[in-house]
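Colleague: Here you go, one structure.
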Amino acid sequence: MRRKQSAKGLALAATVAACSLNAHAGATVSFGEDKSISVGFGMRFSGSKVEDAAPNGKNYSSDFNLDSARIFLGGSLNKHIGGFLNTEKTGDKISILDAVVKFTISPELNIWAGRVLSPSDRANMAGAYYSLGGGYWQLVASRYGANGGIIAGRDDGVVVWGEVADGRLGYSIGAFEGHTLGIGSLTQSQASQAGTSSKDSLMYAGRLQYNFWDREPGYYGTGNYLGTKDILAIGIAGRYQKNGVLTGDPVTPTPGVKGDYSSYNIDFLLEKKIAGSGAVSFEAAFYDYDTDNVIASEEGEAYSVAAGYIFQQTVGWGRFQPFVRWQRFNDDANIEPKQYDVGVLYVIDGYNAQLSGTYRKTKNKLGLNVDAFIASMQIQF
């Protein structure tokens, strides 16, 4: 659920000549040595037909939806201090997605403070804009971004991260406000109104990742490199908060119960270029969620497996990448949601311009069994 440093330069006629294109089709306006500012825009738009979702409850729905609209702002004061501010559409409003000040000491040591995506699995760190097949599919196995944070998995806090061992071992560890997990749990203020008392503890999160082949620099991850790298990586992430799960009814108010929140996951990505043909990719992840027996529907083990193949040959403007994905969450409430995705991506300009078509089936033990067909467009400037 994130946006890398991809931006378009400020549209000022007097400074257009000073703009320099970067690798993500954007531009940056420089104001002196190591001083710059950038601005960009991204959006995801889709059309869908979903089984039994029409108003009569029997027919397929036919809908268009602006899934995401983001403005990206970035800047640097010098080579050690910079930051970025990104927004996101929430309903018909514009909300703060990220607001981060970055202190870059060295590749081995970076400190970020503000509102940011806390360390988690690869799927959540890649987010809607940088995943295999595109779109925010992390709703079943990977529950960090779907359920967590103030907005789209973000939380207020501080994270320390870097790359050691010749850039092959990436680490990140941080402390965050927490109590915003959105899994049926209340915030601290809501819990206080309901009479559910708890300690004011921070949420701690961390991630370790090792790359055996090509390196993956940066804090945020990428779900798929679209045939540009050979990747063999294993990552592990975890989160913990004392009294991180608070329940009750702040309206009545009715006191509830509290419990500790913890989770961890292991994820794997293999991507290999095949000379003269394209690149194959395979990814898998395992998750364990624990709410201290407070919220059974958010406690249990989850699994995710996906594969893709991007063709080297260009057809028209871009290249095709068919993909498949399977997810399952074995929750303690015995709902057990499952999801299958089969689709094809048309890659025009990396993650800056893509089209996709996906067939999706979603099932659970409560009787849900829904087919959906989704066509999406992603553009970033």
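The values are calculated or read from the model by the stated rules, or taken from the named source; none is laboratory data. Given the structure is predicted, the values throughout are model-derived calculations rather than measurements. Cβ atoms come from the backbone with ideal geometry, glycine included; neighbour counts cover every protein chain shown.
Colleague: Could we say that ILE274 is farther than 16 Å from ALA126 by Cβ and more than 17 Å from the chain's Cα centre (by Cα) here? Spell out the reasoning first.
Modeller: Working: farther than 16 Å from ALA126 by Cβ: yes; more than 17 Å from the chain's Cα centre (by Cα): yes.
Yes; evaluated as a whole, the condition is true for this residue.
Colleague: Can you confirm whether ASN265 is in contact (Cβ under 8 Å) with a residue 60 or more places away in the chain, over 26 Å from PHE320 (Cα atoms) and in contact with a strand residue (DSSP E or B) (Cβ under 8 Å, 6 or more places away or on another chain)?
Modeller: Working: in contact (Cβ under 8 Å) with a residue 60 or more places away in the chain: yes; over 26 Å from PHE320 (Cα atoms): yes; in contact with a strand residue (DSSP E or B) (Cβ under 8 Å, 6 or more places away or on another chain): yes.
Criteria met by ASN265.
Colleague: Right, another one. Which one of these is aliphatic (A, V, I, L, M) and either touching a residue at least 40 places away in the same chain (Cβ under 8 Å) or in a strand (DSSP E or B) (or both): ALA333, ALA372?
Modeller: Numbers: ALA333 fails: either touching a residue at least 40 places away in the same chain (Cβ under 8 Å) or in a strand (DSSP E or B) (or both).
Only one candidate passes the filter, namely ALA372.
Colleague: Among the residues that make up region 242-251, is at least one of them assigned to a strand (DSSP E or B) and under 30 Å from PRO322 (Cβ atoms)? Explain how you work it out, then say what you get.
Modeller: Here is the first cut: in region 242-251, the ones assigned to a strand (DSSP E or B) are 242-249.
Retained after the next criterion (residues that are under 30 Å from PRO322 (Cβ atoms)): none.
Taking every residue of region 242-251 in turn, none turns out to be assigned to a strand (DSSP E or B) and under 30 Å from PRO322 (Cβ atoms).
Colleague: Taking region 139-169 as the search range and keeping residues that are out of contact with any helix residue (DSSP H, G or I) (no Cβ under 8 Å at 6 or more places or on another chain) and charged (D, E, K, R), which one is surrounded by the fewest Cβ atoms within 10 Å (Cβ to Cβ)?
Modeller: Among residues in region 139-169 that are out of contact with any helix residue (DSSP H, G or I) (no Cβ under 8 Å at 6 or more places or on another chain) and charged (D, E, K, R), the one surrounded by the fewest Cβ atoms within 10 Å (Cβ to Cβ) is ASP166.
Colleague: Just to be sure I understand, how many residues within region 336-369 are at positive phi and free of Cβ contacts under 8 Å to residues at least 40 places away in the same chain?
Modeller: Filtering region 336-369 down to residues at positive phi leaves 336, 350, 367.
Cutting the leftovers down to free of Cβ contacts under 8 Å to residues at least 40 places away in the same chain gives us 336, 367.
So the count comes out to 2.
Colleague: Considering only residues that are free of Cβ contacts under 8 Å to residues at least 60 places away in the same chain, crowded, with 17+ Cβ neighbours inside 10 Å and within 22 Å of TYR264 (Cα to Cα), which ones fall in region 210-232?
Modeller: ASN211, GLU216
Colleague: Go through (1) touching a helix residue (DSSP H, G or I) at 6+ places or on another chain (Cβ under 9 Å); (2) surrounded by fewer than 16 Cβ atoms within 10 Å (Cβ to Cβ); (3) of a type in the set (D, E, K, R) for LYS199 and report which single condition fails.
Modeller: Exception for LYS199: condition (1).
Colleague: How many residues are of a type in the set (Val, Ile, Thr), surrounded by fewer than 19 Cβ atoms within 10 Å (Cβ to Cβ) and within 28 Å of ASP288 (Cα to Cα) if we restrict to region 327-375?
Modeller: Initial filter on region 327-375 (of a type in the set (Val, Ile, Thr)): 335, 342, 344, 347-348, 358, 362, 370, 374.
Add one more test, that the residue is surrounded by fewer than 19 Cβ atoms within 10 Å (Cβ to Cβ), and what stays is 335, 342, 344, 348, 370.
Keeping just the survivors that are within 28 Å of ASP288 (Cα to Cα) gives 335, 342, 370.
The qualifying residues number 3.
Colleague: While we're looking at this one, here's another question. Suppose we filter region 166-217 for residues that are of a type in the set (S, T, N, Q) and within 19 Å of the chain's Cα centre (by Cα); how many remain? Write out each step before concluding.
Modeller: Our first condition is that a residue be of a type in the set (S, T, N, Q); within region 166-217, this holds for 172, 180, 185, 187-190, 192-193, 196-198, 201, 209, 211.
Keeping just the survivors that are within 19 Å of the chain's Cα centre (by Cα) gives 172, 180, 209.
Qualifying residue count, region 166-217: 3.
Colleague: Between a residue in region 289-301 that is under 14 Å from SER263 (Cβ atoms) and any residue that is buried (at least 21 other Cβ atoms within 10 Å of the Cβ) and among the hydrophobic types (A, V, I, L, M, F, W, C), which pairs come within a Cβ distance under 7 Å, given they are 6 or more apart or on different chains?
Modeller: What qualifies is THR291/VAL245; ASP292/VAL245; VAL294/VAL245; ILE295/VAL245; GLY300/PHE329.
Colleague: Follow-up question, since we're still on this one. Filter region 42-53 for residues that are modelled with pLDDT of 95 or more and surrounded by fewer than 16 Cβ atoms within 10 Å (Cβ to Cβ); which is nearest to ASN369 (Cα to Cα)?
Modeller: If we take residues in region 42-53 being modelled with pLDDT of 95 or more and surrounded by fewer than 16 Cβ atoms within 10 Å (Cβ to Cβ), then GLY47 is nearest to ASN369 (Cα to Cα).
Colleague: Identify the single condition in (1) modelled with pLDDT of 50 or more; (2) part of a loop (DSSP other than H, G, I, E, B) that ALA23 does not satisfy, given that it satisfies every other one.
Modeller: Condition not satisfied by ALA23: (1).
Colleague: Output the number of the condition that ALA275 fails; it satisfies all remaining conditions of (1) touching a Leu at 6+ places or on another chain (Cβ under 8 Å); (2) without any contact (Cβ under 8 Å) to a residue 40 or more places away in the chain.
Modeller: Failed condition: (1).
Colleague: Take GLY57 and decide whether it is assigned to a strand (DSSP E or B), at positive phi and either at pLDDT below 95 or crowded, with 17+ Cβ neighbours inside 10 Å (or both). Step through it out loud before you land on a result.
Modeller: Working: assigned to a strand (DSSP E or B): no; at positive phi: yes; either at pLDDT below 95 or crowded, with 17+ Cβ neighbours inside 10 Å (or both): yes.
The answer is no for GLY57.
Colleague: State yes or no: is TYR309 in contact with a Pro (Cβ under 7 Å, 6 or more places away or on another chain) and either at pLDDT 90 or above or not in a loop (DSSP other than H, G, I, E, B) (or both)?
Modeller: Against the criterion (in contact with a Pro (Cβ under 7 Å, 6 or more places away or on another chain) and either at pLDDT 90 or above or not in a loop (DSSP other than H, G, I, E, B) (or both)), TYR309 qualifies.
Colleague: Here is a further query. Please find, within region 297-316, the residue that is surrounded by the fewest Cβ atoms within 10 Å (Cβ to Cβ) out of those that are under 20 Å from the mean Cα position of the chain (by Cα) and more than 11 Å from ALA141 (Cα to Cα). Give the derivation first.
Modeller: Step one: of region 297-316, the residues under 20 Å from the mean Cα position of the chain (by Cα) are 298, 301-308.
Restricting the remaining residues to those that are more than 11 Å from ALA141 (Cα to Cα) gives 306-308.
Details: ALA306: 23, ALA307: 16, GLY308: 25.
Looking at residues that are under 20 Å from the mean Cα position of the chain (by Cα) and more than 11 Å from ALA141 (Cα to Cα), I get ALA307.
Colleague: Pairs, please: C-beta under 8 Å, at least 6 apart or cross-chain, first residue over 17 Å from ILE105 (Cβ atoms) and touching a residue at least 40 places away in the same chain (Cβ under 8 Å) and in region 149-167, second of a type in the set (D, E, K, R) and assigned to a strand (DSSP E or B)?
Modeller: Listed by first residue and then by second, the contacts come to ILE151/GLU88; ALA152/GLU88; ARG154/ASP98; ARG154/ARG115; ASP155/ARG115; ASP156/ARG115.
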